[in-house]
Every structure is written in structure tokens, then in C-alpha cells.
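Asks: Before I ask anything, let me first share the structure, which is written out below as C-alpha cells.
Quick note: the coordinates plus some simple rules give every number you see, no bench work behind them. A quick note: this is a predicted structure, and the numbers were derived from the prediction, not measured. As a convention, Cβ positions derive from the backbone with ideal geometry for all residues, glycine included, and neighbour counts pool all protein chains shown.
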Amino acid sequence: MIQVEFLGPIAKAPIEMEAATLADVSQKLKEDSTLTQWLDKCAVALNDTMVNDLSTALKDGDRVSILPPVCGG
Amino acid sequence: MIQVEFLGPIAKAPIEMEAATLADVSQKLKEDSTLTQWLDKCAVALNDTMVNDLSTALKDGDRVSILPPVCGG
Amino acid sequence: MELYNSPLDTKEIFGRWLDEHAESNYGAYIPFVGTIRAEDGIEALSFDIYEPVLQKWFDDWQKRAKAIGAVVKMAHSIGDVPVHTSSYVSAVFSPKRRVALELIDEFVEDFKANAPIWKYDVKDGERIYAADRSTPMDGAGVLS
Amino acid sequence: MELYNSPLDTKEIFGRWLDEHAESNYGAYIPFVGTIRAEDGIEALSFDIYEPVLQKWFDDWQKRAKAIGAVVKMAHSIGDVPVHTSSYVSAVFSPKRRVALELIDEFVEDFKANAPIWKYDVKDGERIYAADRSTPMDGAGVLS
């Protein structure tokens, strides 16, 4: 099991899922209509390190963070 | 008569001269061997306004300032 | 990196960073102070920060700065920051002017583009995500 | 424009300029602080300033800044400034980040190139013109 958490303005509780790669996470999140407006604008961190390759392998206990568009300052 | 003053590191007292244009000032200063090392690197102000045209006309009482290379900060 | 649950005490931060490097022999110190502008009837801006990723982003910048003999600093507020108070101070120190001027520009621009911070307008006590002023981070869209 | 016969009280200047524009609704405030580096065995740097031309240079910059909705500030020391103290502070205020970052760069670079200020190394109490670090002003050579 891995955990997926949604940061900042995405009003959504963390979810757990089985996933071997980031591609599996992508496929499952696309099924969630509340995320449709977000996915194409969001970046992804795996255990707090930014990742941008769908083939990234995941292991039990990994934490995937979904980061929507930012505006610090 | 006009006055010519030398700013910053040019160790030279002000001088007075007759000059109708900046070209006249140039001609007279070139005769002064202590200024040879300075003239090609110096900018010029007329009554505290920067000027860079040799044909600039001068009138009695004008003050010409010779400004050597700068390094503020 | 400093995070505060309040507006920033800009003078204290400016002076403390100055003192910290008083003997470091840096010729140029350039702070950037970001202050909340009164516009569109907002009372305040409010910020969420994801600290673990921000810390890594900042650590990477410290390494980049060190490689060119410079230092970067930053402070940011979490939560509500009223108009005309400051939410963000960053700074660079460098022996050389040119390095410092180029570094503060790159550092602040990359901060705007990639620091994991989310901004909300506060109007009538309500927090509204500043979607139109926000930017997808580098690598955004990987899941879509 | 502020000239001092001493090293600059950088914190006082930073804070006073900040307070001055506390309600001006500028989103970005970028000071540049120049500090004397210990190098080549100097005790201090020393500065001559020709104030009438510097004032005109600064007035022109205030107009340029105003035309883009911004403000420029500057302070400089006259005479000796010991190593690790500051001789120069300039700053820009602007509603917008990009304008401020570009303006502080242009303002500081033009200051270095065209402000009528002469720098001397102070070694063993002697004042030596920093010829190798000095730059002919725009229009130099007109008389040669």
C-alpha cells in the first residue's frame, strides 16, 4: 500500500492504494472526477522528493504528494 | 573668463582661461603635460551638467569640471 | 530557512542576517522584501506551505549559491498576513556585485515558480485560493 | 539622496525607508547594501563625491523610476569607511516584482558607471586612488 496526499487548496483527504509505479497512481486518480480539474496542473513528490517520470517505481509505505499550482511571496 | 576645476584624484588647482567653446578648453588643457594621462579618460560637466560635445559654447563665468574615472559603491 | 506563523518582522530579519555575515567579507547584500498589497478588497493574504519540499528546494539553492561563493537566505509567513505587512524576505550575500544581482533575480523567480507555497485571498474572513496568480511547478502534469 | 561623513547605519536606513513606504502599497522592496571587503591589506576605502552632479544623476533616476511606478533611494559615505562596514545602500520600491528586480540591477550598474564618486584604498594611513577599478564615465574623452 502507498499513500497519496493532496496539498494546498485541493480539498481532499489522503487515500491509500496499491500501486507499483507512478503510472498506476495516475490511472487511479484519473478515475476520480473531483481531481479532473487538478491533475494536468499538479506536480508530484515521492517521499518529499520531486519526481516527474511515470515509470518511477513505488514500494510499500511510500508517500506520494500532489502539489497544485504555487504562488509564494 | 571661464574656470576649469579638476575633481577627485586629479591633484590640480582650478585654472581660469579665455574660451569660447569646449574645443578651446581642450586645446589649452592638452598643452599641460600633467593632464596627458587624464584627458582621454575624463568626462566633462558644464555648470554641473554633463556635456560631451566639443562645440558647446561657453560664456563668461562658466565653470567646467573635469571628472576622472569613477568607482562608487 | 525561517517560517513564521505571523507577518515577518522585516527589520529584525534584515539586521540579524546582516550581523550574521558582518565578518564574512561579502561585498554585496541584497534582500528582497515582499509586502502584501491592498487590492481587490482583500484584508490579507494567507499561505499554506509544504515544509519538507520547501526545505529541499532551499537546500538545493544553498548548494548552488555556495558553488559560486555566495549565500542565500529566506523567511516566509504561514497563515494570514494583513495588507501592508510582509510575508516574504529572501536575500543573497556575495563577494561580488554582479553575482549578487543575478542570483537574487534567479532565486526570487525560481521561488515564485517552484516553492511549494499556496496563496489565498482573505475577503470577509473567507479564504479563496489565488488560482489565477498561481503557477504549475516544474514537472506539473505528469499524472495527467 | 543621503550623504554621510561616516560609514552607513545600514539598519537605520533600511528601516526608515521601509517605514516611509509602509502605506505606499509597493509589493517589492529591494535594497542593495555595499560593504567594504578586506582585501589587499587595506584598512578602509575612502570616497570623494561631487555632489551637484550626483544629485542630478539621482534626480534623473527618480524620474525614470516614477515613469514606471517605482521609487529609487540611495545613501553613500564620504571619506574613510573601514573594512566590514558599509559605504553604499541603494533601493527600489515597486508594485511589481519583475519591475523591481530589473530596476535594482540597472540602477546599481549605472551608479557604478556614472555616479561621480572616486574611490581610494587606505593603506598605512595613505590614500591611493583605485585607478584599476575605476571606470571612465559616459562621454569620457571628449577633450582628448
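Asks: Placing a label point 7 Å from Cα toward Cβ, how far apart in nm is residue C:78 from its equivalents in the other copies, listed shortest first to one decimal?
Replies: Between copies, matching label points for residue C:78 lie 5.1 nm apart.
Asks: Let me ask you something else. In percent, what relative contact order does chain B have, based on Cα pairs under 8 Å that are 6 or more apart in sequence?
Replies: Details: 118 pairs, mean separation 31.4, N = 73.
Taking the mean separation of contacting Cα pairs over the length of chain B, I get 43 percent.
Asks: With the label 7 angstrom out along Cα to Cβ, how close does residue A:20 come to the same site in each of the other copies, in nm, nearest first?
Replies: Ordered by distance, the counterparts are at 9.7 nm.
Asks: Along region C:122-132, what does the Karplus equation 6.51 cos²θ - 1.76 cosθ + 1.60 (θ = phi - 60°) give for ³J(HN,Hα), rounded to whole Hz, x for Gly and Pro?
Replies: Listing the rounded values in order: 10, 10, 6, x, 9, 9, 10, 3, 7, 4, 5 Hz.
Asks: For region C:2-119, what is the per residue volume of the convex hull drawn over the alpha-carbon atoms, in cubic angstrom?
Replies: Numbers: hull volume 11.6 nm³, N = 118.
Per residue, the Cα convex hull of region C:2-119 comes to 98 Å³.
Asks: Let me ask something additional. Return a whole-number percent for the relative contact order of region D:61-144, with Cα pairs under 8 Å and 6 or more residues apart as the contact set. Could the numbers behind the result be given before it?
Replies: Numbers: 68 pairs, mean separation 16.6, N = 84.
Relative CO of region D:61-144 lands at 20 percent.
Asks: Averaged across the residues of C:112-120, what count of C-beta atoms belonging to other chains lies within 10 Å of each residue's C-beta? Intermediate values should be presented prior to the final figure.
Replies: On the way: counts 6, 4, 5, 4, 11, 5, 10, 7, 3.
Across the residues of C:112-120, the mean count of other-chain Cβ atoms within 10 Å is 6.
Asks: Can you give the mean number of other chain Cβ atoms that lie within 10 Å of the Cβ atoms in peptide D:20-30? Mind showing how you got there, number by number?
Replies: Details: counts 0, 2, 3, 3, 3, 7, 4, 9, 8, 8, 10.
Averaged over the peptide's residues, the number is 5.
Asks: Measuring label to label, 7 Å along Cα→Cβ, what does residue D:15 give against each other copy in nm, shortest first?
Replies: Between copies, matching label points for residue D:15 lie 0.4 nm apart.
Asks: When each pair of different Cα atoms in region B:2-67 is counted once in the 1/r mean, what is the Kirkwood radius in angstroms, to one decimal? Before the final figure, lay out the partial values.
Replies: Numbers: mean 1/r = 0.0847 Å⁻¹.
One over the average 1/r among Cα pairs gives 11.8 Å for region B:2-67.
Asks: Using only helices, what value at 222 nm comes out for the protein assembly as shown when you add -39,500 (n - 2.57) per DSSP H run of length 4 or more and divide by the total residues, to the nearest 500 deg cm²/dmol?
Replies: Details: 10 runs with 118 residues, N = 434.
Dividing the helical sum by the residues of the protein assembly as shown leaves -8500 deg cm²/dmol.
Asks: What whole number of Å gives the distance from the Cα centroid of region D:74-118 to the Cα centroid of region D:1-30?
Replies: One Cα centre to the other: 12 Å.
Asks: Follow-up. Take the rotation relating chain A to chain B, measure from its axis to every Cβ in chain A, and name the nearest residue with the distance in whole Å.
Replies: It is A:73, 14, counting Cβ atoms only.
Asks: Once region C:63-109 is represented by equal point scatterers at the alpha-carbon sites, with solvent omitted, what log10 I(q)/I(0) does the Debye formula produce at q = 0.22 Å⁻¹?
Replies: Normalising to I(0) and taking log10 leaves -0.74.
Asks: Return the loop-located trypsin sites (Lys or Arg not before Pro) in region B:9-73 (DSSP other than H, G, I, E, B) with at most 10 other Cβ atoms within 10 Å of their own Cβ; answer none if there are none. Spell out each step's value before the answer.
Replies: Values: sites: B:12, B:28, B:30, B:41, B:59, B:63; in loops: B:12, B:41, B:59.
In loop regions of region B:9-73 (DSSP not H, G, I, E or B), the sparsely surrounded trypsin sites (Lys or Arg not before Pro) are B:59.
Asks: While we're looking at this one, here's another question. List the GluC sites (Glu not before Pro) within chain A that DSSP assigns to loop and that have no more than 12 neighbouring Cβ atoms inside 10 Å. Walk me through the numbers on the way to the answer.
Replies: Values: sites: A:5, A:16, A:18, A:31; in loops: A:18, A:31.
The qualifying sites are A:18, A:31.
Asks: If you don't mind, another one. Count charges around residue C:123 for me, please; just the other residues with Cβ under 10 Å from its Cβ, Lys/Arg as +1, Asp/Glu as -1. Let's see the in-between values first.
Replies: On the way: positive: C:127; negative: C:40, C:43, C:121, C:124, C:126.
Taking every other residue near residue C:123 into account, the sum is -4.
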